[in-house]
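Below is one structure, written out as structure tokens; the observations come after it.
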Amino acid sequence: MTQRDAIFAFVVAFAAAALLTPLAGRLATRFGAIDQPRDRGLATRETPLLGGLAMFAGLLIAGLLFLNLDGPVGGRMAGVLWGGALITLVGALDDRFELPPLVKFTGQVLAAVIPVAAGVKVENLTLPFVGAVDLGSVGAPLTVVGLVFVMNVVNFSDGIDGLAAGVCAIAALTFAVIAFDLQRGTAGTLAAITAGIAAGFLVHNFPPAKIFMGDCGSNLLGLLLGCVAVEGAVKTQAVLALVFPLIVLAVPFLDTTFVVLKRMKYGRPVYVADQNHFHHRLSRIGFSQRRTVLYLYTWTLLVGAFALALRFVPYSDEGGGLNLGWALVLAAIALIVLAASIYLVYTLEILKVRRIAERQLRGRDPAATSEAIEADLAHRLETGQFDAITPEDL
């Protein structure tokens, strides 16, 4: 597969998803797959789901036209398409009938098993300072676990208009560049298709969204990104192969990890939604949905750029020695990404929240002592529970 094939595949996938998404919305309305505004969400009106059906249609059209479906590689890509079909079906049923968590999880596992059985699995890894590590018989089950994890990461992050689609489009484009550089053309084309269907759907999902992708869309994108990561980077002999997916998907990974740890700490089921995601916290300090997703897009772009820098900046020579000049360039890029991450997570989530919460507390009880206010703020920051922000608080 060539880079030109990938560009055409992206365009076809984008067009198909963009054109078919309104049809998916009408289908969702007809069959009652409608998202209702809930306390834990940011949606303010009823919105049709099943946008994932349009994305799967775009995947199928572009995949049949541009993916290599011959030989061993083709068998693996066919497995990805069949797995995508199953998880789209399971997600669509969940969007309409709200399946029990165990049933949804079983569907995710079965959808992951299909591409793994077709050969999309990690059998060995090349780790920095360690070298090649043979996973043997545990490679396949570990890959299934990884694919299910990525599906849930994307699913958990899909809580605000345009967020999951935009972040996945950026991540997929980053994976496409890395895959082609690692001579994994078919994986690069699959990544381009994934970016295309996400971006095409985003035409209708950017705030204010006319349609939501639903579980059928978020799980599909998660499965595709996981398969792209395995086929395009992790299965290669590149020393940093395992690092690329962790960096490219750092934003949704961090968000999911933070939320899951919070739920575990307070004894809540990890699958029960709450308001502790990054986008909820940004919304609580007064950000509009558009401003929230643009900030998170920027963060994703920065970590994606760092992943590309790790691949393309020649910070070491062929003998493994350090090239000081280029190493300093890479370090500078890393510092920029780190500074942006600290700014978003600390300044926006903590400092501004602390100032607004203190103002609210003093408004209710002007006689409150500094110690009482600090104790109340510490509790609120710990639990993530804050009063609603009003324009007067900003």
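Nothing in this text is a laboratory measurement; each read-out follows from the coordinates by a stated rule. The structure displayed is predicted, hence computed values, not measured ones. Neighbour counts are summed over all protein chains in view; Cβ atoms, including those assigned to glycine, are modelled from backbone coordinates with ideal geometry.
Structure note, pairs K121/K210; K104/K265; K235/K262: Cα-Cα distances above 31 angstrom occur for K121/K210; K235/K262. Kindly state, to the nearest 0.05, the FRET efficiency for A117 paired with R268, given R0 = 30 Å and r defined as their beta-carbon distance. Taking R0 as 30 Å, the efficiency between A117 and R268 is 0.30. For N124, the residues whose modelled amide H falls within less than 5 Å of its own, excluding neighbours fewer than 5 places apart on the same chain, are L135. For T47, the residues whose modelled amide H falls within less than 5 Å of its own, excluding neighbours fewer than 5 places apart on the same chain, are D35.
At full extension, F312 and I336 could sit 6.9 nm farther apart than now, given 0.36 nm per residue minus the alpha carbon distance.
Note on the stretch 41-94 and the stretch 235-252: Cα centroid distance 23 Å, given to the nearest whole angstrom. Each residue, R45 and T298, gets one label point 7 Å from its Cα in the Cβ direction; the gap between the two is 2.8 nm. Using R₀ = 56 Å, calculate the FRET efficiency as 1/(1 + (r/R₀)^6) where r is the Cβ-Cβ separation of W82 and E371; round to 0.05. Rounded to the nearest 0.05, the efficiency is 0.35.
Here each label is just a point 7 Å from Cα along the line to Cβ, and for L254 and V133 those points are 2.4 nm apart. Here's the picture: a label point sits 7 Å out from the Cα of F97 along the beta-carbon direction, and within the stretch 212-229 the residues with their amide nitrogen under 16 Å of it are 215-216. For C227, neighbours were defined as the other residues whose beta-carbon sits under 13 Å from its Cβ, and their charges (Lys and Arg +1, Asp and Glu -1) total +3. Annotation: amide H of S316 within the under-5 Å range of N323, sequence separation 5 or more or interchain, hydrogens built in the peptide plane. Rounded to whole numbers, the Karplus 3J(HN,Hα) couplings from phi for the stretch 62-69 are 5, x, 5, 7, 10, 7, 6, 10 Hz, using 6.51 cos²θ - 1.76 cosθ + 1.60 with θ = phi - 60°, and x at Gly and Pro.
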